[in-house]
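Asker: Have a look at this one before I ask anything.
The values are calculated or read from the model by the stated rules, or taken from the named source; none is laboratory data. Keep in mind that what you see is a predicted model, and the values were worked out from it rather than measured. Cβ sites come from the backbone with ideal geometry, for glycine too, and all protein chains shown count toward neighbours. Note: areas computed on protein heavy atoms with side chains; ligands, DNA, RNA excluded. Shrake-Rupley method; radii C 1.70, N 1.55, O 1.52, S 1.80 Å.
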Amino acid sequence: MASRIPQFNQQVLYDTTPLPDSIPKVKELGASSAPLMSAAYFIGARCRDYNDDFMQCKNENPGKGEFECLKEGRRVTRCARSVIADINKSCLEEFRKHWTCLEDNNQQLWQCRPAEWKLNKCVFENLGLKKEIPDQPPNVTPVHLRKQMIYAHWPIPRSAEPFVPPTQTGDKAPAAASSSS
């Protein structure tokens, strides 16, 4: 039994203090989680240097990194925005199919592999960005290239082939190593 009467404030608090001129202005992405998840590896590929600078700044300023690293954070946002804009210009249909699939399947990537393969191919051919999983062992097939997903609601059709981008040396990589069998 509390003696205090509860009071609720339903007003939203906005900080109207303008940012200093030293912080670059940037428009927010305006995307929900599904499009961001769909484009995450491509954003990581193109914006790696900006992301690394931002994380280094946050590590060097523990507890106050939000304020000290606004400039680096704005650069990350600007870079991510450019990647989303380029994907929308070059691969809008494939991008929309993939993120809609993610949204309809509770963000479970393994439910949307065929749409993901088409998006990966389009983005590589038009923008030159590859989906690479960091620290992937070289002798293991990456999860996004496997034709059989353990937890998927339905099997991947036999006609669907994962997109395997060319290797670093410029040679063509074998198409999922299942075409020879």
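Asker: From the set of residues in region 36-65 that are outside any loop (DSSP other than H, G, I, E, B) and among the polar types (S, T, N, Q), which is nearest to Leu119 (Cα to Cα)?
Answerer: Among those that are outside any loop (DSSP other than H, G, I, E, B) and among the polar types (S, T, N, Q), it is Ser38.
Asker: Go through (1) open to solvent by 40 Å² or more (accessible area, probe 1.4 Å); (2) in a helix (DSSP H, G or I); (3) under 28 Å from Pro165 (Cα atoms) for Cys91 and report which single condition fails.
Answerer: Of everything listed in (1) open to solvent by 40 Å² or more (accessible area, probe 1.4 Å); (2) in a helix (DSSP H, G or I); (3) under 28 Å from Pro165 (Cα atoms), Cys91 misses just condition (1).
Asker: Which residue is modelled with the lowest pLDDT, if the candidates are limited to region 61-87 and must be buried (at least 17 other Cβ atoms within 10 Å of the Cβ) and among the small types (Gly, Ala, Ser)?
Answerer: Out of the qualifying residues, it is Gly65.
Asker: Then there's this: With the requirement that a residue be of a type outside the set (Lys, Arg) and surrounded by 14 or more Cβ atoms within 10 Å (Cβ to Cβ), what does region 111-125 give you?
Answerer: Passing the criteria: Gln111, Cys112, Pro114, Ala115, Glu116, Trp117, Leu119, Asn120, Cys122, Val123, Phe124.
Asker: Here's a follow-up. Considering region 101-110 alone, what residues qualify as being open to solvent by 50 Å² or more (accessible area, probe 1.4 Å) and in a helix (DSSP H, G or I)?
Answerer: Correct list: Glu103, Asp104, Trp110.
Asker: May I pose another question? Mind checking which residues of region 28-45 are of a type outside the set (A, V, I, L, M) and either in contact with a Lys or Arg (Cβ under 7 Å, 6 or more places away or on another chain) or within 18 Å of Leu92 (Cβ to Cβ) (or both)?
Answerer: Listed by number, the residues that qualify are Gly30, Ser32, Pro35, Ser38, Tyr41, Phe42.
Asker: Looking at (1) closer than 24 Å to Lys25 by Cβ; (2) at pLDDT below 90; (3) open to solvent by 80 Å² or more (accessible area, probe 1.4 Å), which is the one condition that is false for Asp49?
Answerer: Status for Asp49: all satisfied but (2).
Asker: Filter region 9-37 for residues that are surrounded by 12 or more Cβ atoms within 10 Å (Cβ to Cβ) and in contact with a Ser or Thr (Cβ under 9 Å, 6 or more places away or on another chain); which is modelled with the highest pLDDT?
Answerer: It comes out as Ala34.
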